[in-house]
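Reading through the structure tokens given below for one structure.
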Amino acid sequence: MGEFQVLRPRGLEEALQWLAEGGSRTAVLAGGTDLFPQQRAGHHAPYLLDLWPVEELRFLEEGADGLRLGPLLTMREVADSPLVRDVAHALAQAALSVGSPQIRNRATLGGNLGRASPAADACTALVALGARLELSSFQGRREVAAADFLVGPGKTLLRADELITAITLPGVVVAGGAGGQSRGAGGQRLVGSSFQKVGRRKAVTLAVASAAARVALDRSTGRVVQVSAAAGAVAPRTLPLEDVAGVLLGVEPTPAALREAARMGAAQARPIDDVRSSAAYREAVLAVLIERALEESLRDALDIERGAAS
Ligand SMILES: Cc1cc2nc3c(=O)[nH]c(=O)nc-3n(C[C@H](O)[C@H](O)[C@H](O)COP(=O)(O)OP(=O)(O)OC[C@H]3O[C@@H](n4cnc5c(N)ncnc54)[C@H](O)[C@@H]3O)c2cc1C
């Protein structure tokens, strides 16, 4: 690893200022679980901007626009959060599937997005959950959808002077009020989500394929009123799977409908061949993962309903 200097900002404003001054000569460091292996492989910048002390990037709060998560939250914090498990089950599951306990203690949500690996587990869940990202520079802020942010392997919409400063999951509202036990979309809709992953072994493994889904049901008709899904590790970037909604919107989520939606989603993904797997295996396994993600999303939605009733 070549020589580099570590910059430790006292807060977000200083971090953004240093980034504006350093530009592409400054690499941003969060947990370092992706950045340090890359640096060892020879991709190193002369300055490392260490975000770890920037407490303004470590938060989890419910706002009017949904659940807001700080990019410095670790996978462990996300997986352990009762609030995330309750209202964004898929994200908690994805965080729990990252690496080992040691990795999860350092790996952050912002780093998973910033690395933009097609196999990044949290990215699959965030795209399915319709996450929006706040990108900040010393000049100002903008907001982009996570699905648009992830452009290709290691490629994002982030400019050299920008940081991811917040991740919002829209439409996530606490039904029972602050501190209440029953959570979900509230009102007429029941919402649930799920993340599923297959790797070459059960743990500490990158995905060969992953899928996440979020399903909203109308409480009175039992029909699907909103559905979104995403696939990871099957294409150069995390893929939103719109064809799943094409099958399920407005219908009752019968087992046959879920299977057909999963088949359409896997076909839309048109998986790739690479060192970890063949395209044919990926398409077959992705259909199974999408179907399981849809089934588990429905169970999650009905669990929230049962929680609200008790
Ligand atoms: C042994 C091992 C196992 C792993 N297993 C998995 C796995 O199962 N699933 C999985 O998804 N990943 C896995 N990873 C990859 C890695 O742990 C995750 O991608 C992690 O979320 C990266 O977060 P980090 O905080 O360590 O990022 P860092 O390494 O600090 O940064 C990664 C990239 O994101 C950028 N970045 C970080 N924060 C920000 C920000 N706020 N704004 C802008 N850019 C930012 C950095 O500049 C860098 O380019 C594994 C890694 C290892 C070493």
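The values are calculated or read from the model by the stated rules, or taken from the named source; none is laboratory data. In this text, all values refer to a predicted model and were calculated from it rather than measured experimentally. Note that we place each Cβ from the backbone using ideal geometry, even for glycine, and neighbour counts take in every protein chain shown.
Can you name the condition, by its number, that G171 falls short on among (1) more than 8 Å from the ligand (Cβ to nearest atom); (2) at pLDDT 95 or above?
In the conditions (1) more than 8 Å from the ligand (Cβ to nearest atom); (2) at pLDDT 95 or above, G171 misses (2) alone.
Please report, ordered by residue number, the strands (runs of 3 or more DSSP E) entirely within the stretch 1-70 with at least 3 residues that are under 20 Å from L91 (Cβ atoms) and in contact with a Leu (Cβ under 8 Å, 6 or more places away or on another chain).
Once the strands (runs of 3 or more DSSP E) in the stretch 1-70 are filtered for at least 3 residues that are under 20 Å from L91 (Cβ atoms) and in contact with a Leu (Cβ under 8 Å, 6 or more places away or on another chain), what remains is 60-63, 66-69.
Inspect all residues belonging to the stretch 293-304 and state whether any of them is exposed (fewer than 15 other Cβ atoms within 10 Å of the Cβ) and at pLDDT below 95.
Yes.
Scan the stretch 91-134 for residues that are over 16 Å from V204 (Cα atoms), more than 8 Å from the ligand (Cβ to nearest atom) and not in a loop (DSSP other than H, G, I, E, B) and jot them down.
L91, A92, T124, A125, L126, V127, A128, R132, L133, E134
So, V251, is that one of a type in the set (V, I, T), over 26 Å from V172 (Cα atoms) and at pLDDT 95 or above or not?
So V251 fails the test.
Of everything in the stretch 111-168 that's crowded, with 18+ Cβ neighbours inside 10 Å and basic (K, R), which residue is nearest to S228 (Cα to Cα)?
Here the answer is R132.
Test of understanding: among V285, V247, V251, which residue is of a type in the set (A, V, I, L, M), closer than 25 Å to R189 by Cα and touching a strand residue (DSSP E or B) at 6+ places or on another chain (Cβ under 8 Å)?
V251
Yes/no per residue for (1) more than 7 Å from the ligand (Cβ to nearest atom); (2) farther than 17 Å from N105 by Cβ; (3) surrounded by 15 or more Cβ atoms within 10 Å (Cβ to Cβ):
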position: G22; (1), (2), (3): yes, yes, yes
position: L29; (1), (2), (3): no, no, yes
position: P37; (1), (2), (3): no, no, no
position: V54; (1), (2), (3): yes, yes, yes
position: R58; (1), (2), (3): yes, no, yes
position: E62; (1), (2), (3): yes, yes, yes
